[in-house]
Amino acid sequence: MSTRHFLTLLDLTPAELQGVIERAIELKRIRNNGEIYEPLKNRVMAMIFEKASTRTRVSFEAGMAQFGGHAMFLSSRDTQLGRGEPVEDSARVISSMVDVVMIRTFSHEVVETFAANSRVPIINALTDDFHPCQLLADMQTFHELRGSIKGKTVAWVGDGNNMCNSYINAAQQFDFSLNVACPEDFAPNAELVLKNADRVRVFNSPEEAVDGADLVCTDVWASMGQEDEQRQRIREFRGYQVSPALLDAANKDVLFMHCLPAHRGEEISEDMLDDPRCVAFQQAENRLHAQKALLEFLLVTSA
């Protein structure tokens, strides 16, 4: 059987993704009950970080430990990748010594090249184009609180960034409608929008986008690597802040998610994370459970 990778949500079928979500909920129950379950004993994950992270490192490292395995942290300072070794060479060497590789980097081409030269599964833990692991956690959170997201309406407010692109893929894979509200110059990937024109609509008005929404999501206005654009983006995104008042235009049982870290007073109001409709911290915890389910799928179920 060929090696399975997880570079975008499209690498798994809709049925496989649903299975991962349901398994994540079960693994959460197992962990919370204090049960020991170690399907990855003596397995090793290499975690390559070219972009810093809190939730990604903690969730993957804790997940491997809870599964009886080991996670090895590698920053660009710790590897020859940071000194210009070709990605192809690093992939061949690292994948010969470990069982799975998680990469958090800038260019999506890096994870694609790594996967093409790896003998073990490669997991995209964030690139400038996509953030599929976060979407697994988001879909798990919605499923836990509201059931199936199929046929629902999701609103994305803010930058058409890697998270927004992954929400477009999620709309296809989980069968929901997506409304995107963003300034004209910050629209999501045009090719992705066109391919999913039957379920994705782009608005300039947040109020229009959240009308009738079952889930509202946002992210910071300036992602890592865009710090020099911070002031300009604050000006451009004025009017795209998510607040309790904006949520009032959505469905009565709407949920609000943010992948964190959040900039209070910018993309969200100062009080948004305290609103009872906000589930950002449950969403953050679910990174652990969803990624454990993904690891089990790649290393056990699909092996």
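Screening Gly147 on (1) surrounded by fewer than 24 Cβ atoms within 10 Å (Cβ to Cβ); (2) in the same structural domain as Leu40 (by TED's automatic domain parsing); (3) on the phi > 0 side of the Ramachandran plot shows it passes everything except condition (2). Taking every residue in region 110-132 that is among the aliphatic types (A, V, I, L, M) and pairing it with any residue that is modelled with pLDDT under 95 and assigned to a helix (DSSP H, G or I), at least 6 positions away or on another chain, the pairs with Cβ-Cβ distances below 6 Å are Val110/Val87.
Among the residues of region 274-291, is there at least one that is closer than 15 Å to Gly158 by Cβ and among the β-branched types (Val, Ile, Thr)? Scanning region 274-291 turns up no residue that is closer than 15 Å to Gly158 by Cβ and among the β-branched types (Val, Ile, Thr). Here Leu10 meets each of (1) over 17 Å from the mean Cα position of the chain (by Cα); (2) surrounded by fewer than 19 Cβ atoms within 10 Å (Cβ to Cβ) with one exception, condition (1). Note on region 66-87: among residues that are modelled with pLDDT of 95 or more and surrounded by fewer than 20 Cβ atoms within 10 Å (Cβ to Cβ), the one that is farthest from Ala52 (Cα to Cα) is Gly68. Can you name the residue in region 256-303 that is more than 17 Å from the chain's Cα centre (by Cα) and assigned to a strand (DSSP E or B) and, of all such residues, is surrounded by the fewest Cβ atoms within 10 Å (Cβ to Cβ)? If we take residues in region 256-303 being more than 17 Å from the chain's Cα centre (by Cα) and assigned to a strand (DSSP E or B), then Arg264 is surrounded by the fewest Cβ atoms within 10 Å (Cβ to Cβ).
The set of residues in region 134-178 being acidic (Asp, Glu) and touching a strand residue (DSSP E or B) at 6+ places or on another chain (Cβ under 8 Å) consists of Asp138 alone. Of the helices (runs of 4 or more DSSP H) lying entirely inside region 132-238, those containing at least 1 residues that are closer than 30 Å to Phe60 by Cβ span 132-146, 162-174, 190-195, 230-236.
Only helices (runs of 4 or more DSSP H) whose full extent lies in region 1-105 are considered here, and the ones with at least 3 residues that are in contact (Cβ under 8 Å) with a residue 60 or more places away in the chain are 14-32, 55-66. Surrounded by fewer than 15 Cβ atoms within 10 Å (Cβ to Cβ), within 30 Å of Lys28 (Cα to Cα) and either over 22 Å from the mean Cα position of the chain (by Cα) or in contact (Cβ under 8 Å) with a residue 12 or more places away in the chain (or both), is that true of Asp214? For Asp214, the condition - surrounded by fewer than 15 Cβ atoms within 10 Å (Cβ to Cβ), within 30 Å of Lys28 (Cα to Cα) and either over 22 Å from the mean Cα position of the chain (by Cα) or in contact (Cβ under 8 Å) with a residue 12 or more places away in the chain (or both) - is not met. Does region 4-16 include one or more residues that are of a type in the set (Ser, Thr, Tyr), in contact with a Phe, Trp or Tyr (Cβ under 7 Å, 6 or more places away or on another chain) and closer than 18 Å to Cys259 by Cβ? Yes: one or more hits. Of the residues making up region 153-162, one or more are in contact (Cβ under 8 Å) with a residue 12 or more places away in the chain and within 13 Å of the chain's Cα centre (by Cα).
The values are calculated or read from the model by the stated rules, or taken from the named source; none is laboratory data. Values in this document were obtained by computation on a predicted structure and should not be read as measured data. Cβ coordinates were reconstructed from backbone atoms using ideal geometry, including for glycine residues, and neighbour counts include every protein chain displayed.
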